[in-house]
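Below is one structure, written out as structure tokens; comments come after it.
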Amino acid sequence: MAYADQQMGGSRVTSIIFVALIHVAVGYLLISGLAISAVKEIAERVTAVNVEEPEEPPEPEEEPPPPEEIVEPPPTVPPPPIPQLNQNNTVEREQDPDPQPRPEPDPEPRPTATATPEPAPPSLARGATTRNERRWAGRIQENYPSRALREEVEGTVGVSVVVTARGRATNCQVTASSGSTILDRAACRGMERYARFNPALDAAGNETSGRYNTRITYRLN
């Protein structure tokens, strides 16, 4: 039995080695076949590429020579004329064959009649003037303040009033005090109450307002 087992073991090993050699041979054949086919395909691709030689560039055409410049001769200038002397040894001037006519002087301008402007009408403006001054001045004196009479106060008051277009005095102001408030107030009150005027006129002669200045004296008899 032991001998039979040894024979069977040796034959099994031999068969395994044989099978392994067969696989190795088959693998080598496969690898070598694939390599050969790959080499053939690369060779075919290389041979299939057409190598085109580059065309030679055309030779440049020769440019024509530049045209020769024609040099014109300088213009000839005629010599100046030689002056000729006459019998009086004076130089005769050549007359212009086609003299230009001289412009005639402009005629003297004639005087033109200018319209003189009409003179402006005289101005009719004037200031206000008194009317019946003695009458209303006497009435102001008659209204002597009673307190000033008792105290025997006298004085002169300077006043300025606005004369309206109707000739009445208004807006009285004391321009020079008499030193007594009683007399100053009485003077303005009397002017606005009794004074009458001819109103002022503008340049066209229309009645307008103006201002009038005067002095009122209060004196005891």
Query raised in the report: Where in the range 161-212 are there trypsin sites (Lys or Arg not before Pro) that are in a DSSP coil and have at most 11 other Cβ atoms within 10 angstrom of their Cβ?
Result: 166
Query - Global form of the range 166-221, assessed from the alpha-carbon gyration tensor, a/c cut-off 1.5 - result: prolate
Query raised in the report: Tell me, in nm to one decimal, what length is gained between residue 142 and residue 129 on full extension, where the rule is 0.36 nm per residue of separation less the Cα-Cα distance?
Result: 2.4 nm
Report task. Mind checking the per residue accessible area of the range 133-216 for me, 1.4 Å probe, whole number of Å²? Result -> 59
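State the extension gain, in nm to one decimal, for the chain segment bounded by residue 149 and residue 192, taking 0.36 nm per residue of separation less the distance between their alpha-carbons.
On the way: separation 43, 0.36 × 43 = 15.48 nm, distance 2.18 nm.
Between residue 149 and residue 192, full extension yields 13.3 nm more.
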Query - Spin-label model distance (nm) - residue 173 vs residue 213, 7 Å beyond Cα toward Cβ - result: 1.1
Query raised in the report: Using a 1.4 Å probe on the protein chains only, how many percent of the accessible area of the range 138-209 belongs to carbon and sulfur?
Result: 40
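The values are calculated or read from the model by the stated rules, or taken from the named source; none is laboratory data. In this text the structure is predicted, and so the values were computed from the model without any measurement. Note that we place each Cβ from the backbone using ideal geometry, even for glycine, and neighbour counts take in every protein chain shown. The protein model used for the area step is the full one, side chains on, heavy atoms only, and it has no ligands, DNA or RNA in it. Shrake-Rupley method; radii C 1.70, N 1.55, O 1.52, S 1.80 Å.
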